[in-house]
Amino acid sequence: MNNAATTWPKPPEVLKAASEVFSSPFHEHGRTTVQDAPDYVGMARESVADFFGVKDHSHVIFTSSATDSLNMLIHGFASRYRKPFHAITTDLEHNSVLRPLRTLEREEKCSLSIVRTTGPHVKHEEIRDLIRDDTALVVIGHGSNVLGSVQDIEAIGKLVRKSGAFFLVDGAQTAGQFPVEPGKLPVDAFVFTGHKSLFGLPGTGGFYLRSPEQVNPVRQGGTGVDSSGKYQPDEMPIKFETGTPNFPGIAALNAGTGFVRRKGVDTILSQSCRMTSYLVKALGEIEGVRLYNSLPDLPVITFTVDGMESEDIGFILWKAYRVVVRTGLHCSPLIHERINASGGVRISLSCMNTMEDCEGAVRAVEEISGTLQ
Amino acid sequence: MQILKTNKFKRCVDGTVLKEYSVDEEVTRELLTYFGEFGTVKILDNLKQPFFSFSKEAYFSIKGMVGDQTLYVRYHEEHIEEAHELFTTMLEQWTPGEIESDIM
């Protein structure tokens, strides 16, 4: 039940796809004479682009993770922008957003405003009030990995793009379990990860970038084509994809995306909402349990138990009950400051979980909490 | 009780060092009573498997499950050598059926 970190278990077709990759030499564009092996990267690019409503498949880039994508986009945007600018983000963000922005701030390449939220959702007026003439970049997490809230990126995107700023959305927590088609939304770039709700393997991720000319590539190297060129080619996707791709990971991502499409994101969401509602109600009724969002949009529930360290709760859940959760700050320190929790226990579901899993987790938390009464 | 191997080592940002040890005997209530001579022991019963924690303030803490052969030890970095020596001596001097010790 730690699927907001990495989904487990994986659908059988994902495991099969990852292992089958090794049955033949890789089809590497421009790097091999192999002609008849499956083009895993091309197939995955088409599948992911269609999944996200992106017409030009070449605008979907594969990376090693959402963190990698965010770094490439944030630093690449700053490199392209050339002069210092103002950026906006929120206190709900993961360190994969906060740290690149703060690094730019420390290097005096940008000044940073952080929306201090008052509830689980970012109000678009909170963004609007911070926009200045020199605001060039707004980075928002689509889904919170602590509160499970999903932001209205369409409304925020309209506002941001009207101002002329670049709107970057971190979709690490939503892609695959919440309907989103960034290709059809007022979004300049959308980041996804492979190993969470798209059911791929760790070490995969990517992004959709609407206008490649707005971001410089922060990596340069071999692309398999245009080897005589002195500089990184401007063509997509090789502008941002350099080095040998992660073939097993990308094949697994393709299979995972196929699994999600066949099952349907709406079905996945309604299934997880049923389990989440049960967990919120059942955990909320346990004496001493404190929930930090009683109406999550995603299957993410963060709680603490009065009188006990979150780390110990997680330890007991695993050792005594074989329930896997995550404890601590979840790489999102600012929101913990705001909700006044020095770390929490997070249960996060995937469509591979069952109601029996949830009932077992509730019984375990009841027993743990009961020992303290 | 002897340490068989150190499974994990992690240096934490709060200035502590976490080590996971496999030991050659199961953790028993008698062992925890013995640990209580050196610090504060807490046991949570009524769980599927009882949980325990031990704390020797400013030096180290231990946690684990009764019946397991794994100990999770968190050392305060400023006293790590002294704390590790104390921890290993505590284990070495442990003899089931005899909970007195003179190492303190």
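Note on A:Leu185, A:Leu168: ascending count of other Cβ atoms within 10 Å places them as A:Leu185, A:Leu168, the fewest first. Mean separation of Cα pairs under 8 Å and 6 or more residues apart, divided by the residue count, gives segment A:62-167 a relative contact order of 27 percent.
Between the amide H of B:Lys48 and any residue lying 5 or more places away or on another chain, no distance stays under 5 Å, with hydrogens modeled in the peptide plane. Using 0.36 nm per residue and subtracting the Cα-Cα separation, the extra length available between A:Leu295 and A:Arg132 on full extension is 55.4 nm. Simple spin-label estimate for A:Gln214 and A:Trp318 gives 4.0 nm between the two label positions (7 Å along the Cα-to-Cβ direction from each Cα). Computed over segment A:207-285, relative contact order equals 22 percent, with contacts defined as Cα pairs under 8 Å that lie 6+ residues apart.
Is segment A:57-155 rounded, prolate or oblate when judged by the Cα gyration tensor, a ≥ b ≥ c being the square roots of its eigenvalues, rounded requiring a/c under 1.5 and prolate requiring a/b larger than b/c? Oblate is the answer for segment A:57-155, as a/c is 1.5 or above yet b/c matches or exceeds a/b. Modelled spin-label separation between B:Arg11 and A:Val34, with each label point placed 7 Å from Cα along the Cα-to-Cβ direction: 4.1 nm. For A:Ser111, the residues whose amide H sits under 5 Å from its own are A:Phe85, A:His86, A:Ala87, ignoring neighbours fewer than 5 places away on the same chain, with H placed 1.01 Å from N. The helix-only estimate of mean residue ellipticity at 222 nm for the protein assembly as shown, built from DSSP H runs of length n ≥ 4 each weighted as -39500 (n - 2.57), is -10000 deg cm²/dmol after division by the residue total. Each other residue within a Cβ distance under 11 Å of A:Ser348 adds +1 if Lys or Arg and -1 if Asp or Glu, for a net charge of +3.
In this structure, the pairs whose alpha-carbon distance is over 19 Å, taken from A:Lys123/A:Lys162; A:Lys16/A:Lys319; A:Lys10/A:Lys55; B:Lys19/B:Lys63, are A:Lys16/A:Lys319; A:Lys10/A:Lys55.
FRET efficiency for the pair A:Lys281 and A:Ser79, taken as 1/(1 + (r/R0)^6) with r the Cβ-Cβ distance and R0 = 60 Å, rounds to 0.80.
Magnitude of the charge dipole for segment A:210-313, about its Cα centre and with charges confined to Cβ atoms of Lys, Arg (+1) and Asp, Glu (-1), is about 540 debye.
Ratio of Rg to Rh for segment A:157-254: 1.01 [Cα atoms; Kirkwood radius as inverse mean 1/r over pairs]. In this structure, the amide hydrogen of A:Lys10, modeled 1.01 Å from its nitrogen in the peptide plane, lies closer than 5 angstrom to no residue at least 5 positions away or on a different chain. Residues A:His142, A:His336, arranged from fewest to most other Cβ atoms within 10 angstrom of their Cβ, appear as A:His336, A:His142. Paramagnetic label reach from A:Glu107 (point 7 Å along Cα→Cβ; backbone nitrogen cut-off under 13 Å): within segment A:54-96, residues A:71-85.
Each residue of segment A:115-124 was assigned a 3J(HN,Hα) from its phi angle through the Karplus expression (A = 6.51, B = -1.76, C = 1.60, θ = phi - 60°), giving 5, 8, 6, 10, x, x, 10, 7, 7, 5 Hz with x at Gly and Pro. Karplus-derived 3J(HN,Hα) values for segment A:243-256, using 6.51 cos²θ - 1.76 cosθ + 1.60 with θ = phi - 60°, are x, 6, x, 7, 4, x, x, 6, 5, 5, 5, 4, 5, x Hz; glycine and proline are entered as x. Spin-label model, B:Lys48 to B:Leu18: label points 7 Å out along the Cα-to-beta-carbon direction sit 2.1 nm apart. With a Förster radius of 41 Å applied to the C-beta separation of B:Glu57 and A:Lys123, the computed FRET efficiency comes to 0.35.
Normalised by the residues of chain A, what does the relative contact order come to in percent, with Cα pairs under 8 Å and at least six apart?
23
Its residue count N sets the reference 2.2 N^0.38 Å, and the alpha-carbon radius of gyration of segment B:1-71 equals 1.12 times that reference. With R₀ set to 25 Å, the beta-carbon distance separating A:Ser342 from A:Asp152 gives a calculated FRET efficiency near 0.25. Size estimate for chain A follows the Kirkwood approach: the inverse of mean 1/r over distinct Cα pairs works out to 21.4 Å. Its alpha carbons give segment A:202-328 an Rg and a Dmax of 22.3, 68 Å.
What does the C-alpha gyration tensor say about the overall shape of segment A:278-373? Classify as rounded when a/c is under 1.5, otherwise prolate if a/b is larger than b/c, or oblate.
Note, shape of segment A:278-373 comes out rounded.
A short reminder: the numbers here are calculations on the coordinates, not readings from a lab. Computed from a prediction, not measured in an experiment: that's the story for all the values here. Cβ atoms come from the backbone with ideal geometry, glycine included; neighbour counts cover every protein chain shown.
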